[in-house]
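Some notes on the structure that comes next.
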Amino acid sequence: MKYESVSAPYTCPQCNASQKIVHALSFDSTGVRSASSFTCLNCGSSFEADDRGVPPEWKPLFYAANGHWELIVVNAGLRKVDLLRKLREVLGLELAATSALSRRIPGRIADGTRVEMEFLKCELQSLGAVMEVVSIKSGGD
Ligand SMILES: [Zn+2]
């Protein structure tokens, strides 16, 4: 899954009508991207915006709509050192945090939106680790 989106209540900046805005997350080899798209059904005003990374205020919206996900390293493979180096780079971790992470393998190493976890998995896959992206909420509500 390389794309997910949510809609959220949004007040039109032009006419103050209560409308909806669509926030989307996607990723490619350069990282996770965020995009917003708004069109007012009342006055026709619209805009689009995009950025890198996930705005922190979006996370609860995505968790509510699409679930909260985690990345589990089932087996680090033969290149655990490379795996940790890559994780440190992608997640921007301190050395101490990286060694704490090392002790959690095999196990959960990160959590976030589904696109974030899929991106991480994609980044790490070439290093030979066996990983799973799973929903933290066991679903079925
Ligand atoms: Zn409007």
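Readers should treat all values here as calculations from the given coordinates under stated rules, not as data from a laboratory. Just so it is clear, the structure is predicted and the values come from calculations on it, not from any experiment. Cβ sites come from the backbone with ideal geometry, for glycine too, and all protein chains shown count toward neighbours.
Check the chain and count each lysine pair with an alpha-carbon distance under 16 angstrom, considering only pairs eight or more places apart or from different chains.
Within the chain, the lysine pair count is 4.
So which cysteines of the chain have no other cysteine's Cβ under 4.7 Å from theirs?
By the Cβ distance rule, which asks for a partner under 4.7 Å, the isolated cysteines are Cys122.
D for segment 3-65, whole µm²/s, Stokes-Einstein with Kirkwood Rh over alpha-carbon pairs at 20 °C and 1.002 mPa s: what number?
For the chosen part, D equals 173 µm²/s.
Find, among the GluC sites (Glu not before Pro) in segment 45-141, those assigned to loop by DSSP (not H, G, I, E, B) with at most 12 other beta-carbon atoms within 10 angstrom.
Here the sparse-neighbourhood loop sites are Glu94.
From the C-alpha gyration tensor of segment 39-100, pull out the three semi-axes of the equivalent ellipsoid (sqrt of 5λ each), sorted largest to smallest, in whole Å.
Equivalent ellipsoid semi-axes, largest first: 37, 15, 11 Å.
So for the chain, taking the charge dipole from beta-carbon charges (+1 Lys/Arg, -1 Asp/Glu), which of Ser45, Leu83, Pro55 sits furthest toward the positive end?
So the residue we want is Leu83.
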